[in-house]
1. Please get the size of the charge dipole for region 174-230, origin at its Cα centre, with Cβ charges of +1 on Lys and Arg and -1 on Asp and Glu, quoted in debye to the nearest 20.
2. How big is the Rg/Rh ratio for region 66-126, C-alpha atoms only, Rh by Kirkwood, two decimals?
3. Going 7 Å from the Cα of ARG274 toward and past its Cβ, which residues in region 336-361 have a backbone nitrogen under 19 Å from where you end up?
4. Longest span of the chain, sites excluded, free of chymotrypsin sites (Phe, Trp or Tyr not before Pro) in DSSP loop with at most 13 other C-beta atoms within 10 Å?
5. Given springs between every Cα pair under 10 Å in a Gaussian network model of the chain, which of SER216, SER53, SER260 has the largest fluctuation?
6. I need the shape label for region 297-358. Rule: rounded when a/c is under 1.5, else prolate if a/b > b/c, else oblate, with a, b, c from the alpha carbon gyration tensor.
7. Using bins 10 angstrom wide from zero, how does P(r) for region 60-168 break down, in % of all Cα pairs?
8. By how many nm would the segment from HIS386 to SER227 grow when fully extended, if each residue of separation counts as 0.36 nm and the alpha-carbon distance is taken off?
Amino acid sequence: MLSSPRRAPRVAATVVVVLAVFVLGLWLGGHPSWLPGAVRDAFDDNSSTPLVSTVLNSINQDYYRKITRGQLVNKGLVAMVASLRDPYSHYYSPSAYQDFLNQSNRRFHGIGVDVVQDPHGLRVIDVFPGQPAAKAGLQHGDLIVSVDSHKLAGHTAAFASNLIRGPAGTTVQLSVLRGRRTLTFKIVRADVVVPVTSDRILDYHGLRIGYLRLTSFTPGSGDALRSDVRDVLRHGAQALILDLRENGGGLLNEAVNVGSIFIADGTIVTTRGRSQPTQVYVAKRNAIAPKLPMVVLVDHDTASSAEIVTGALKDHGRAAVVGTRTYGKGVFQEIMPMPGGGALDITVGEYFTPNGQNLGGGGVREGRGVKPNVYAPNTFTAQVDHALQTAERVVAARAR
């Protein structure tokens, strides 16, 4: 935020954005078929074409430095979508879109752990099997307090995580608290593939519980989770816990695939959009675990497709929900690749749980989310995951 003595730079920036939008209007006016319907309608109005042409000519002939058409188009698109005041809608320039795709590939150079921020550093909540951290002996619940002599207390999780990441083949030194002991690990970074799903068997007073973790709804994640469910069933699982904590969602069709593993028939989700008809997505009638006692474990970072699955399991009475209220995202987006390598990612509709509830706050505002049946905050102390312990107790009570 700029203070009043620096108002001039703000005005200059605003002028650049306005000019970019003018140029964008001229360029897109000749290519309306490349736009979604709502945006295309705005550009079908030719009343401003002479003004846009004049501004474009002035920039090309008189501006003190050369600005490429591509730069103006990308800046104009970013400004246009930002004017919607929608936190979920974005225009990605070609380079930004490539970064987005790279993140979606879930590959990076690191050590293979999932962490959450702690006042003293980073708390390890998952260690990926077969990856460098697991081979070095890092464990769930460990607290990373320094990286290569850089103390992490007071720093953000992003800052600390960036210290741990690095080129494959290089070494990182971690100082770790495990209970009252301080341990040092020297770990060689590698090209890490982050698993979308994982599973294991938990023993709760003789009850075999199949623990299933799903981190995102990316292509193929439903099939991967189905394979994990079969695995825990082969190992004698008598109940299930589906962990959707920190799962920010993803593809709608994968939410339907995941819901169909546990729900034999009935509605999974209904979607409505301004430019598309209402669609009702139903279970695919290929459930493999439709009756086993079940809990879904959530937190405030459970959002989007993860909330769709949670809402469906709760509304059908298929699973008890344990944790905290979910994020409350009641809308969904569509990514449209654009000529030149960029992409438009915009909100196109709202979704509703089987009971007709929209989890958002009206439009694109954060809403009330899914309320858990049993409240359990997502806290970690030493080796103990208290929310998971609560989930074990709840599912055991449903199994007996």
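1. So the dipole magnitude of region 174-230 works out to roughly 400 debye.
2. 1.18
3. Residues 336, 344-352, 360-361 qualify, since their backbone N sits under 19 Å from the label point.
4. Of all site-free stretches, the longest is 65-400.
5. Evaluated over the chain, the most mobile residue of the options is SER53.
6. prolate
7. With 10 Å bins starting at 0, P(r) equals 12, 29, 23, 20, 12, 4, 0.
8. Extending this stretch completely gives an extra 54.5 nm.
The values are calculated or read from the model by the stated rules, or taken from the named source; none is laboratory data. Since this is a predicted model, take the numbers as computed values, not measurements. When we count neighbours, we look across all protein chains shown, and the Cβ atoms used for this are built from the backbone with ideal geometry, even at glycine. Keep in mind that these areas ignore ligands, DNA and RNA; they rest on the heavy atoms of the full protein, side chains included. Shrake-Rupley method; radii C 1.70, N 1.55, O 1.52, S 1.80 Å.
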